[in-house]
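Below: one structure, written as C-alpha cells.
Values in this text are rule-based calculations from the coordinates and carry no lab data. Note that the structure is predicted; figures quoted are calculated from it, not measured. We place every Cβ from the backbone using ideal geometry, glycine too, and count neighbours over all the protein chains shown.
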Amino acid sequence: MYIADLHIHSRFSRATSKDGDLPHLDWWARRKGIRMVGTGDFTHPAWRAELREQLVPAGEGVYTLRQDLRLPDVAPGEAPRFVITGEISCIYKRHGRTRKVHNLILLPSLEAADELSARLEAIGNIHSDGRPILGLDSRDLLELTLDTCPDAEFIPAHIWTPHFALFGAFSGFDTMEECFGDLTGHIHAVETGLSSDPPMNWRVSALDGLTLVSHSDAHSPSKLGREADLLDTGLTYPELVRAIRTGEGFQGTVEFFPEEGKYHLDGHRNCGVCLTPAETAALGGVCPVCGKKLTIGVEHRVEALADRPAGFRPEGAKPFESLAPLPEVIAASTGVSAAGKNTQALYEQMLHALGPEFSILREVPVEDIAHTAGPCVAEGIRRLRAGQVERRAGFDGEYGVISLLTPGEIARFSGQISLFGLDLPVRKSKPRRELQHVLAPEAAPAAPQPEALNPPQLEAVTSTAPVTAVTAGPGTGKTRTLVARIAWLVEERGVRPGEITAVTFTNQAAAEMRARLEQRLGGKRAVAAMTIGTFHAICLKLLGDVRLISPGEALTIAEQVLRESGRKGGGKTLLQSVSRVKNGVSPEDTGLDAELYDAYQARLRDLGALDFDDLLTEGLKRDVTGLRCFRHVLVDEFQDINDIQYQLVRS
Ligand SMILES: [Zn+2]
Ligand SMILES: [Zn+2]
Ligand SMILES: [Zn+2]
C-alpha cells in the first residue's frame, strides 16, 4: 500500500512558499512517507521547464527527481514518484450566474502537459499563476482536456469550499449535471477537500459511484499529505488512474478532521461569529454583529444538498483515517505551539528515530513513541488513532483547532515523572479523583492482592533477590507483578520506600506504576520516596544537577564537528553512530571515525554538558551499590535492556 498526494502547488502559484521546488517536494515526501506526489501547476511554462530538466522517467507516466538534485539532509522514506498534475480555476457565467469552480487534472506525461497547455494558452493567461484563472466553462475545459488527451483524469477540486468549487455555496452548482452536462459521465472522482470528510459526502446520493479522493492542496512542501489517498496498485500512471476510475485498488483516504478545515461551520471571522447551520438559519443567514450575509460553511452546504441523514454509509464506501500533521499532534499533546522551536526539534528527533511521519501517526507502536517522544505525545497519538480528539471548528477562512490532552492531563502525564522532576513535591490538597480520572482508561478497580497472582508471578513478588526483573510480553501483568512486589517489600518485609528503585522503559509506564502504587499503598506519601522512572530519569537523579543538551543542540554540535573536520555526511547520521557506540556497539561496527567521536565529546566537555547517552555512561561510573535507593531494584521489561543499561542494574 502507498500514500498519494496529487493536488499541490509549486512556488509559481500565488501565495505559496519559496521552497515549492522539486528537491524540497522530494525531500518532504520522503519525510512524510508519501510515494506518489502530484507536480501541481503543469500549465505554468517555467515550472514545466523545471519538470523537464529535473525529473527523469521512473515507470509509465511517472517520474522521479534526478539523483544529483536530492537534498543532502537525511530523510527516512523512499524517493517518491511524481505524476503530472495541475489545477485550473474556471470563472464563467452559467444560467445567468457567475460560477467559480476549481478543477484538478492528472496527465499521463510531460508531453501531454505541453499539448494541453498550448491549447489553454490560446484561451487565457497561463504565465502569471501556477493555478491559472481561465474564463472557461468547466464542461468545456473537460471536453478540451479529453479531446487533447483521452487518458487525462479530470477531478472537481475541494468540491464543498464556498467560493471556488463545484458545490460551493456562493458560486457553485447544486448538481454535477448542472455543471458538466452531457459530459458528467467522464467524472469518476471528486475531491472532498479539507473541510469535509467521507461521512459528510456519503449523505449525498449523487456522489454514489464516484471515488472520493483527498489531497493536501499544499502551498508549501511541508504541508504535503495533510490529506491523501491510500492506494494498493503499482506506482504507474495507468494503474493510479484505473484505481481512481474504478475504485479497485483504491483503499481509502487520510483525512483532516473536517472541523479543522477553515470553512467547516458558518460565520464571520472579523466579527468573531461562528455558527452551526441551524443557528445560521435561525438568524436568517445574517451576521448578528455586522448585519451582513454570513459566510456559509461546508457543513451547512452539505446539509442543504444531502438527501440522507447524518451517519448514513453507502454500500462499498471506502474506509478513511482521520489524522493531523505530527507537529500539530505534538502541540496538541504538550500544550506548546506547533511552530515553536521545541516542537520542531522533537519532530525532527521523531522522524530520525521512528521513520516517516505517516508511519509514526499510523503504525509505530505507542510504546516506541513514548520512548522517543515522552508520555504526552505517545498518549496524544494513541488518542488520535482512537479518534479521541477535541475539535474547535474552523469558519470563514479561519482554521479549526484540535486538542488531544488538556493542560491538567499534560501536567500529570509529564510533570510527575518528567526527567527533571522525578519526585515532584506532592500537593496534599489535590483531590484523588483527579488522579483516577487521568487513569480512567485502564484503572483497575482495586490493586490485586498477591494471592491473585499466578505461581511464577507470586515467586517474583516474594523473591528475596535484590534485583527483580519481570520478563513477559505486554498485557501479561508485568506492572501488576512489580506493584505487588513493591507492596510486599513495604508491607511484609518492612523495606523503606526510599530503598526501592523501579525502572521502567517509558515515562508513561513509570507514571502508571506510580499511580498504581499510590492506590495500592494508600496515598502519595508512601510512594514519594521511591525512585521510579526510566533509566535516563534515574541516572539524572543519581548525577544530580547536570546540564543535559537537547537533541537539537546535539545536532548543531554534530554539524559543527563535521564542518570543522571538513568531512562529508549528515549530523544526524553522526549522532546515530555516536549513540550506538555509547550504547556498547564497537566503533568498527558503526563505521564511526574515532576523530569525529572525540571531537564531539570534546565539544560536550567544553560546554560542561552531557547528552542522553552520556547520562547512562556517567551513571555507570558512580558507585551505585552504596546508594540506599538501590537496595531493591525492580525492572520492567528486562529483555529490552541493552548492554549499558544491564550493567547499571547489576552494579
Ligand atoms: Zn483550488
Ligand atoms: Zn489548489
Ligand atoms: Zn459579521
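The alpha-carbon of K293 sits under 13 angstrom from the alpha-carbons of these aspartates and glutamates, leaving out residues fewer than 8 places away in its chain: D266, D396. Remark on R99: its backbone amide H falls under 5 Å from those of Y92, K93, R94, a criterion applied only to residues 5 or more positions apart or on other chains, H modelled at 1.01 Å from N. In loop segments of the stretch 15-58 as defined by DSSP, there are no chymotrypsin sites (Phe, Trp or Tyr not before Pro) with at most 10 further C-beta atoms inside 10 Å of their C-beta.
Under a 5 Å amide H cut-off, with hydrogens placed 1.01 Å from N, S337 pairs with nothing among residues at least 5 apart or on other chains. How far is the Cα center of the stretch 309-352 from the Cα center of the stretch 496-548, in Å? Using only Cα atoms to place each centre, the spacing works out to 31 Å.
Fully extending the segment from A46 to Q388, taken as 0.36 nm per residue of separation minus the present Cα-Cα distance, adds 118.6 nm. Phi angles across the stretch 38-48 convert, under the Karplus curve 6.51 cos²θ - 1.76 cosθ + 1.60 with θ = phi - 60°, into 3J(HN,Hα) values of x, 6, x, 6, 4, 6, 7, x, 5, 5, 4 Hz, Gly and Pro given as x.
Once the Cβ-Cβ distance between E595 and Q344 is put in as r, and R0 is 35 Å, what FRET efficiency do you end up with, to the nearest 0.05?
Efficiency, from the Cβ-Cβ distance: 0.70.
The stretch 184-254 has equivalent-ellipsoid semi-axes of 19, 18, 10 Å, by the square roots of 5 times the alpha carbon gyration tensor eigenvalues, sorted largest first.
Within the set K541/K572; K18/K568; K32/K341, which residue pairs have Cα atoms separated by over 22 Å?
Numbers: K541/K572 28 Å; K18/K568 27 Å; K32/K341 19 Å.
In this structure, K541/K572; K18/K568 exceed 22 Å between Cα atoms.
Distant-in-sequence amide contacts of T534, defined by a placed amide H-H separation under 5 Å and a gap of 5 or more residues or a different chain, comprise T504.
Students often get this wrong: which residues of the stretch 177-201 have the backbone nitrogen under 16 Å from the point 7 angstrom along Cα-to-C-beta of D140? In the stretch 177-201, the label zone of D140 (backbone N under 16 Å from the point 7 Å along Cα→Cβ) covers 179-183. Report the one residue of L283, P314, I244 whose Cα lies farthest in the direction of the positive end of the charge dipole of the stretch 218-322 (charges on C-beta: Lys and Arg +1, Asp and Glu -1; origin at the Cα centre). Selected residue: L283. The gain in end-to-end length when the S337 to D174 segment is fully stretched comes to 54.7 nm, 0.36 nm per residue minus the alpha carbon separation. Based on Cα contacts under 8 Å between residues 6+ apart, the stretch 87-156 shows a relative contact order of 42 percent.
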